[in-house]
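Asker: My structure is below; once you've seen it, I'll send some questions.
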Amino acid sequence: MEIRLSLVEDYPGMVAIENSIWNDLNTSSVTTYNSVAEFQLRYPTGSHLVAVENGEVLGLLGFHPPTGLAAHQRTWLLDIGILPSAQGRGVGNLLVSKLKELAKERGIHKLSLRVLGTNEGAIRFYKRHGFVEEGVLKDEFWIKDRYVEDVFMGYLLNK
């Protein structure tokens, strides 16, 4: 399996993943893309790491500064998605490990993410990779007739 920065030829697989993984347990707003072009307008090549095996994109990990502020350029906000048929095969582990290396090379100090409190599997995954809970917004979202927490997690690269 190859882990590398995204290329144009990866976009159909990336869109397929994005359109297949989001639901009311793992996101506050299910987003789907109507076309590869729509996704490409939002995310330029190289804005994700991808896990590719035999020409198939098995996973993607997006990273970008949380805001456009100059003071926010040493933090990356993350989002990750794994093809359902590839989940449990270590794809996410490889992507996160490679992202930590890339972040260090690029002088990034902190990796940050947000995860719904209902997404217990993702929270466990991030904790296994050294992320710590930095804060919780209680009852932040109303999803499927109940309130859901928004959990902020972070990982410091240069401790």
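Asker: I'd like the Karplus ³J(HN,Hα) series for the stretch 150-158: coefficients 6.51, -1.76, 1.60, θ = phi - 60°, whole numbers in Hz, and an x wherever there's a Gly or Pro.
Answerer: In residue order, the calculated couplings are 10, 9, 9, 10, x, 9, 8, 7, 10 Hz.
Asker: Would you compute, from DSSP H runs of 4+ residues alone, the mean residue ellipticity of the chain at 222 nm, taking -39500 (n - 2.57) per run and dividing by the full residue count, rounded to the nearest 500? Show your work: numbers first, answer last.
Answerer: On the way: 4 runs with 42 residues, N = 159.
My calculation for the chain gives -8000 deg cm²/dmol from helical runs alone.
Asker: Is the stretch 35-103 rounded, prolate or oblate when judged by the Cα gyration tensor, a ≥ b ≥ c being the square roots of its eigenvalues, rounded requiring a/c under 1.5 and prolate requiring a/b larger than b/c?
Answerer: Numbers: a/c = 2.53, a/b = 1.42, b/c = 1.79.
It is oblate, given that a/c is not under 1.5 and a/b is not larger than b/c.
Asker: Could you compute how much accessible surface Lys98 exposes when probed at 1.4 Å, giving the result in Å² to the nearest 10?
Answerer: We get 80 Å² for Lys98.
Asker: Return a whole-number percent for the relative contact order of the stretch 1-95, with Cα pairs under 8 Å and 6 or more residues apart as the contact set.
Answerer: 31
Asker: Sticking with this one: Provide Trp22, Trp142 ordered by accessible surface of protein heavy atoms (probe 1.4 Å), highest first. Write out the running numbers ahead of the final one.
Answerer: Working: Trp22 70, Trp142 150 Å².
Ranked from most to least accessible, the order is Trp142, Trp22.
Asker: Sticking with this structure for a sec: On a 1.4 Å probe surface of the protein chains, which of Asp24, Asp145 comes out largest in accessible area, and what is the full order?
Answerer: From most accessible down to least: Asp145, Asp24.
Asker: Round to a whole number: what % of the accessible area of the stretch 30-131 belongs to carbon and sulfur, probe 1.4 Å?
Answerer: 49
Asker: Using alpha-carbon pairs under 8 Å, 6+ residues apart, how would you state the relative contact order of the chain in percent?
Answerer: 21
Asker: Let me know the shape class of the stretch 1-129, please: from the alpha-carbon gyration tensor, a ≥ b ≥ c as square roots of the eigenvalues, rounded when a/c is under 1.5, otherwise prolate if a/b is greater than b/c, or oblate.
Answerer: rounded
The values are calculated or read from the model by the stated rules, or taken from the named source; none is laboratory data. Fair warning: this is a prediction, and the values are worked out from it, not measured in the lab. The accessibility values were calculated without ligands, DNA or RNA, using every heavy atom of the protein model including side chains. Shrake-Rupley method; radii C 1.70, N 1.55, O 1.52, S 1.80 Å.
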